[in-house]
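A.B. asks: Supplied in structure tokens, the structure appears directly below.
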Amino acid sequence: MTDVKKTMVAPSILSADFGNLQRDIEMLNASEADWVHLDIMDGVFVPNISFGFPVLEYVNKISTKPLDAHLMIVDPAKFIPEVRNIGAHMMTVHYEACTHLDRTIHQIKEAGMKAGVSLNPHTPEYLLEDIINDIDMVLIMSVNPGYGNQKFIPYSLDKIRRLKEMILRKNANTLIQVDGGVNLETGRQLVDAGTDILVAGSFVFNSADPMKTISELKDL
Ligand code: DX5
Ligand code: ZN
């Protein structure tokens, strides 16, 4: 049998049971999950607040998987040291929240992390054309950020195809991550469109067997 490269999966603990956070993170440790996705919200950039750094320090103590921090906050550059201190290997900021995105990307890298840039559903991928070679990962939001368990926005698929084409054309090593409404059906379409990493919250944590669900996503 040939060795087929599996899709990367980053479960979002926004949908974990916070009363049993240690149990849920230990489940992820034992699973095929590649990264643990952390949704940090401020109630300003998005209409919701999730969890802050004290909770994430605890997650870092328990998790054996790399931490993937998705900052849904205004002025995320202010928090680069805090994000590094919770052990994140990837810090993703929103295009819409950064006036000086080029500077922020370089500050994240200087702090020793990989730099990701996220696009809200309405933001076109071509805005990243000039800096794509400096970005380690683009996170395409396939829902409006702020909440788990929302419905997948189908026009995201065309944006992913165009982004993949741009990355190949510019000879960049940038990974494509997609977040929002991911399940086995949308996941299949996303992988076909060029997605490297699937984020999944409610589909994993609300399933009867989260470890099996993670394996099924990886096989897409
Ligand atoms: C949405 C967050 C997502 C969220 C995804 O604002 O960025 O990471 O947890 O949740 P699901 O997979 O349930 O759509
Ligand atoms: Zn997210």
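A.B. asks: Just need a number here: residues in the range 176-213 that are assigned to a loop (DSSP other than H, G, I, E, B), touching a residue at least 40 places away in the same chain (Cβ under 8 Å) and within 11 Å of ligand 1 (Cβ to nearest atom).
C.D. replies: Keep residues of the range 176-213 that are assigned to a loop (DSSP other than H, G, I, E, B), which gives 180-183, 194-196, 201, 206-209.
So of that shortlist, the ones also touching a residue at least 40 places away in the same chain (Cβ under 8 Å) come out as 182, 195-196, 201, 206.
From the residues that got through so far, the ones that are within 11 Å of ligand 1 (Cβ to nearest atom) too are 182, 201, 206.
Here the count works out to 3.
A.B. asks: Now, a different point. Within the range 150-170, track down each residue that is over 16 Å from Glu185 (Cβ atoms) and of a type in the set (Lys, Arg).
C.D. replies: The answer is Lys159, Arg161, Arg162, Lys164, Arg169, Lys170.
A.B. asks: May I ask you to list the residues in the range 40-50 that are of a type outside the set (A, V, I, L, M, F, W, C) and not in a strand (DSSP E or B)?
C.D. replies: Here is the first cut: in the range 40-50, the residues of a type outside the set (A, V, I, L, M, F, W, C) are 42-43, 47-48, 50.
Those that are of a type outside the set (A, V, I, L, M, F, W, C) and not in a strand (DSSP E or B): Gly43, Pro47, Asn48, Ser50.
A.B. asks: Restricting to the range 155-175, name every residue that is in contact with an Asp or Glu (Cβ under 9 Å, 6 or more places away or on another chain), open to solvent by 60 Å² or more (accessible area, probe 1.4 Å) and in a loop (DSSP other than H, G, I, E, B).
C.D. replies: Those that are in contact with an Asp or Glu (Cβ under 9 Å, 6 or more places away or on another chain), open to solvent by 60 Å² or more (accessible area, probe 1.4 Å) and in a loop (DSSP other than H, G, I, E, B): Lys170, Asn173.
A.B. asks: Find all pairs meeting these conditions: Cβ atoms under 6 angstrom apart; at least six residues apart or on different chains; first residue within the range 128-154 and near ligand 2 (Cβ under 10 Å from one of its atoms) and open to solvent by 10 Å² or more (accessible area, probe 1.4 Å); second residue at pLDDT 95 or above and acidic (Asp, Glu).
C.D. replies: That search, which allows pairs on different chains as well, returns nothing.
A.B. asks: Just a yes or no: is a residue in the range 51-73 open to solvent by less than 40 Å² (accessible area, probe 1.4 Å), over 18 Å from Phe205 (Cβ atoms), within 13 Å of ligand 2 (Cβ to nearest atom) and not in a strand (DSSP E or B)?
C.D. replies: yes
A.B. asks: Do you know which of the residues in the range 74-123 that are over 19 Å from Ser50 (Cα atoms) and in contact with a Phe, Trp or Tyr (Cβ under 7 Å, 6 or more places away or on another chain) is surrounded by the fewest Cβ atoms within 10 Å (Cβ to Cβ)?
C.D. replies: This residue is Thr123.
A.B. asks: Restricting to the range 1-39, what's the tally of residues that are part of a helix (DSSP H, G or I), touching a residue at least 40 places away in the same chain (Cβ under 8 Å) and of a type in the set (Gly, Ala, Ser)?
C.D. replies: Summing the residues that are part of a helix (DSSP H, G or I), touching a residue at least 40 places away in the same chain (Cβ under 8 Å) and of a type in the set (Gly, Ala, Ser) in the range 1-39 gives 2.
So that you can scan it fast, the table gives a plain yes or no per residue for (1) surrounded by fewer than 22 Cβ atoms within 10 Å (Cβ to Cβ); (2) within 14 Å of ligand 1 (Cβ to nearest atom); (3) basic (Lys, Arg):
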position	(1), (2), (3)
Val4	yes, no, no
Thr7	yes, no, no
Ala10	no, yes, no
Leu14	no, yes, no
Gly19	yes, no, no
Arg23	yes, no, yes
Ser31	yes, no, no
Asp34	yes, no, no
Leu38	no, yes, no
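A.B. asks: Of all residues in the range 184-205 being more than 16 Å from ligand 2 (Cβ to nearest atom) and on the phi < 0 side of the Ramachandran plot, which is least open to solvent (accessible area, probe 1.4 Å)? Walk me through it before giving the result.
C.D. replies: We begin by selecting, within the range 184-205, every residue more than 16 Å from ligand 2 (Cβ to nearest atom); these are 184-185, 188-189, 191-194.
Now restrict to residues that are on the phi < 0 side of the Ramachandran plot: 184-185, 188-189, 191-193.
Values: Leu184: 62, Glu185: 137, Arg188: 97, Gln189: 82, Val191: 34, Asp192: 111, Ala193: 7 Å².
Ranking the candidates gives Ala193 first.
The values are calculated or read from the model by the stated rules, or taken from the named source; none is laboratory data. Computed from a predicted structure; not experimentally measured. Quick reminder, even Gly has a Cβ in these numbers, built from the backbone with ideal geometry, and neighbours come from all protein chains shown. Remember, those area values only see protein heavy atoms, side chains included, never the ligands or the DNA or RNA. Shrake-Rupley method; radii C 1.70, N 1.55, O 1.52, S 1.80 Å.
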